[in-house]
Amino acid sequence: MEGAEPGILDEVFDNFFNSVTIFKDREVLRHDYLPERLPHREEQIKKLGMILAPVLKGARPSNVFIYGKTGTGKTAVTKYVLNRLKIKALEFNAPVDVCYINCRLAGTEYRIITSLCREISISVPFTGLSVGEVFDRFKTGLDKRKTIMIITLDEVDALVKNRSDMLLYELTRINEFLTRSKVSLIGISNDLRLKEFLDPRVLSSLSEEELVFRPYDATELRNILTERAKIAFHEGVLSEGAISLCAALAAAEHGDARRALDLLRVAGEVAERKRAKVITEDHVREAEKLIEHNRVVEALSNLTLHSKLVVLSIFHIMRKNGCRTVTGEIYDVYTELCGELGITPLTQRRVSTLINELDAMGLLNAQVVSMGRYGRTKKIRLEVPRTIIKEAFSGDSRLGSLIDYEPKCFTKNTSNRD
Ligand SMILES: Nc1ncnc2c1ncn2[C@@H]1O[C@H](COP(=O)(O)OP(=O)(O)O)[C@@H](O)[C@H]1O
Ligand SMILES: [Mg+2]
């Protein structure tokens, strides 16, 4: 490489090689790592095991509906039980097929059914068939197999929210059509309100049995972390204070073990980068900030184009005068930005709705202020530092050019309207 110093990388590599090693095995802190033991979930493990056990003697287990907030161990417990069930089924020579599908990751009903088919070796094309046709093939193929199939639909709320609960309905009725095989369903939901959205027939069939996962408290999280830390970190690297703080922060949120493990992993990375020998509470605090930063950047990047333009409009107004603004002023800047991009602006009413959504996401803050006899008005400001907005939007090819844009309506119209 021309111009580069010959030793430019030596330092990087040497530093890395000579650095104190914090992690023994970073992989065990990943979200999809399945630990050997799941403390504080013995009750749920046993109950799910008891519900599924009849399959070992050729009887169809009841359907189960599992719910609880994110990070309460639903996925881990279910996979844990299914893995052991598979081993026992082999041992006892019981005809069982176990299939696990994450509905949010699968995305569409078509993809879910093709995964089910693949599980029992029925080949289906990637496209070209309707959902109904693939489902018929699945039913026929399954019935020939003379088996009991346990189908786990994780994050099933994703299916229902996409208004595609046809598949769910068909699956809850499938046993009426099968003569030689049977299906048991395990539905898992992170959203406790899912019950209100489900077709009552689906709900009553799916919840033959119910399993609730309560949030972990700080002590429980601490035990989970301590156990995981033993395999993730070298001995003596993790301070007691750091581990307690990770547990306390995650417990204060909603008892989310994933959050607690994330804090621990990122705190380890911070310590490593600082070449510290021990992970301290300060590293955890820094990890908390980093995670929050990334969460906001991600939330901003995933907004629709129009919501991004609304955020960008408030960004410009606040850069200009630094104080709260009103819907009318935001709408003026927003329509101008739409004009710059050559797209049709939404109505002011629709933009008002977007503002409420952004408020609910915590990206901006809308405060209703009384204007005396002029009624009430909403005063809006960004809840996110402007540097983060720049960071999140500069990668977007269309928005990048609008970040340093100077809205013309500022010079034309300085009156305060709503
Ligand atoms: N009781 C537990 N013991 C050890 N690790 C756990 C426990 N509960 C959850 N975890 C870990 O926390 C993370 C989140 O758990 P997960 O099962 O994915 O939660 P959910 O499916 O309820 O959102 C996973 O990495 C999992 O390994
Ligand atoms: Mg899960």
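For region 28-75, the set of residues classified as among the acidic types (Asp, Glu) and either within 20 Å of Ile231 (Cα to Cα) or modelled with pLDDT under 95 (or both) consists of Asp32, Glu36, listed by residue number.
Residue-by-condition table, conditions (1) closer than 30 Å to Arg275 by Cβ; (2) more than 16 Å from ligand 1 (Cβ to nearest atom); (3) in contact with a helix residue (DSSP H, G or I) (Cβ under 9 Å, 6 or more places away or on another chain); (4) hydroxyl-bearing (Ser, Thr, Tyr):
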position: Pro200; (1), (2), (3), (4): no, yes, no, no
position: Ser205; (1), (2), (3), (4): no, yes, yes, yes
position: Val212; (1), (2), (3), (4): no, no, yes, no
position: Asp217; (1), (2), (3), (4): no, no, yes, no
position: Glu220; (1), (2), (3), (4): no, no, yes, no
position: Ile224; (1), (2), (3), (4): yes, no, yes, no
position: Glu227; (1), (2), (3), (4): yes, no, no, no
position: Phe233; (1), (2), (3), (4): yes, no, yes, no
position: Leu249; (1), (2), (3), (4): yes, no, yes, no
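Okay, residues lined up against (1) of a type in the set (A, V, I, L, M); (2) over 19 Å from Leu198 (Cβ atoms):
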{"residue": "Thr140", "(1), (2)": "no, yes"}
{"residue": "Asn162", "(1), (2)": "no, no"}
{"residue": "Phe177", "(1), (2)": "no, yes"}
{"residue": "Leu185", "(1), (2)": "yes, no"}
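Considering only region 88-97, I want to know if a residue exists there that is outside any helix (DSSP H, G or I) and within 16 Å of ligand 2 (Cβ to nearest atom). No, because not a single residue in region 88-97 is outside any helix (DSSP H, G or I) and within 16 Å of ligand 2 (Cβ to nearest atom). Per the listing Leu105, Leu82, the residue uniquely within 13 Å of ligand 1 (Cβ to nearest atom), of a type outside the set (Lys, Arg), surrounded by fewer than 16 Cβ atoms within 10 Å (Cβ to Cβ) and within 29 Å of the chain's Cα centre (by Cα) is Leu105.
Could you name every one of the helices (runs of 4 or more DSSP H) located completely within region 226-313 that has at least 3 residues being over 27 Å from Arg41 (Cβ atoms) and not polar (S, T, N, Q)?
Output list reads 257-273, 281-301.
I'd like the full set of residues that are aliphatic (A, V, I, L, M) and within 9 Å of ligand 1 (Cβ to nearest atom), limited to region 46-79. Ile66, Ala76, Val77, listed by residue number. From the list Ser394, Ser352, Ser401, exactly one residue is modelled with pLDDT under 90 and farther than 18 Å from Met318 by Cβ. Which is it? Exactly one residue qualifies, and that residue is Ser401. Collect the residues in region 22-80 that are part of a loop (DSSP other than H, G, I, E, B), within 14 Å of ligand 2 (Cβ to nearest atom) and not charged (D, E, K, R), keeping them in residue-number order. The answer is His31, Tyr33, Leu34, Leu38, Thr70, Gly71, Thr72, Gly73. Of the residues examined, Asp165 is not one that is crowded, with 16+ Cβ neighbours inside 10 Å and modelled with pLDDT of 95 or more. The set of residues from region 90-120 being hydroxyl-bearing (Ser, Thr, Tyr) and at pLDDT below 95 comprises Thr108, Tyr110, Thr114, Ser115. The residue pairs whose first member lies in region 391-406 and is surrounded by 12 or more Cβ atoms within 10 Å (Cβ to Cβ), whose second member is hydroxyl-bearing (Ser, Thr, Tyr), and whose beta carbons are closer than 7 Å, counting only pairs six or more residues apart or on different chains, are Ala392/Ser301; Gly400/Ser394; Ile403/Ser394. Going through (1) loosely packed, with under 15 Cβ neighbours inside 10 Å; (2) modelled with pLDDT of 90 or more one by one, Val310 falls short only on (1). The residues listed here are Leu382, Leu305, Leu341, Leu346; of these, the one that is buried (at least 20 other Cβ atoms within 10 Å of the Cβ) and at negative phi is Leu382.
Identify the single condition in (1) under 21 Å from Thr70 (Cα atoms); (2) surrounded by fewer than 21 Cβ atoms within 10 Å (Cβ to Cβ) that Glu235 does not satisfy, given that it satisfies every other one. (1) is the only condition that Glu235 fails.
The values are calculated or read from the model by the stated rules, or taken from the named source; none is laboratory data. Fair warning: this is a prediction, and the values are worked out from it, not measured in the lab. No Cβ is skipped: glycine too gets one built from the backbone with ideal geometry, and neighbour counts run over all protein chains shown.
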